[in-house]
Amino acid sequence: MVISKTHLLALFFVAISACAQSRMVLDTPIYPEGVDAKKEIRAALVQAKAQNKHVLLVFGADWCYDCHVLDYRFHSPEIEPFLDKNFVVVHVNIGRGETNVDLSNKYHIPVDKGVPSIAVVSPTGALLYSTQHGEISPTRRMPATQIVGMLENWAALK
C-alpha cells in the first residue's frame, strides 16, 4: 500500500493536534489557587436545591494527572450530559494535602488514599457518599462506562 505525501502530511497534523489536545488537559488549571471553596460549595448548594440536583465535590490538585483526566472525561459526550443533568460540580483544591483540610475532614475525604476523591452532597448539605479508598484515583485506567456507572449510583442516593 502506497501512502501519498498528502496523506502522510494529514496524518502528521492529526497526530500533532491530538498531542496538543491531550497536553491542554494538563495546562488548564482546574484547581486555581485562592478560590474560596467554602463559598463555591455554598453557591453550589443553592443551585442544587433550585435544580433538584446533588453536589459533586471533586477533591484534587493541578499537579494530579488523574484529576485532569477526570475533568477531561467529565466534559466528554459520554459523560457530560448525565453529569450536567444530575450534579453541580465543585472542584476543591487540596494543594499538596495542606489546603482545605477542614473540608476534606468535613466530607470524610482521606486525601492520603489518593486523588481525585469525590464527595456527593444532597441539596440540603447532607453527605451522601465519599470515596474512602482511592476508588476514583486511577481515572486514567477507567472506561467511560465505569465512570457513568458510578455517577448513576451516586445520582440515585437519597
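Read the figures in this text as sums done on the coordinates, not as results from a lab. Keep in mind it's a predicted model, so treat the numbers as computed, not measured. Virtual Cβ from ideal backbone geometry, glycine too; neighbours counted across all protein chains shown.
Here are a few things to note about the model shown:
- Overall form of region 32-78 per C-alpha gyration tensor (a/c, 1.5; a/b vs b/c): oblate
- Length released on extending from L157 to D27, taking residue separation times 0.36 nm less the Cα-Cα span: 43.4 nm
- Convex hull (Cα only) mean projected area of region 31-155, reported in nm² to one decimal: 6.7
- In a simple Cβ point-charge model (Lys, Arg +1; Asp, Glu -1; nothing else charged), region 31-155 has a dipole of about 280 debye relative to its Cα centre.
- Partners of K49 within straight-line reach, counting lysines whose Cα lies under 18 Å from its Cα and excluding those fewer than 8 residues away in the same chain: K38, K39, K85, K158.
- With each label modelled as a point 7 angstrom along the Cα→C-beta vector, the Q47-H108 pair spans 2.6 nm.
- Note on E80 and Q146: their simple-model spin labels are 2.3 nm apart, each label 7 Å out from Cα toward Cβ.
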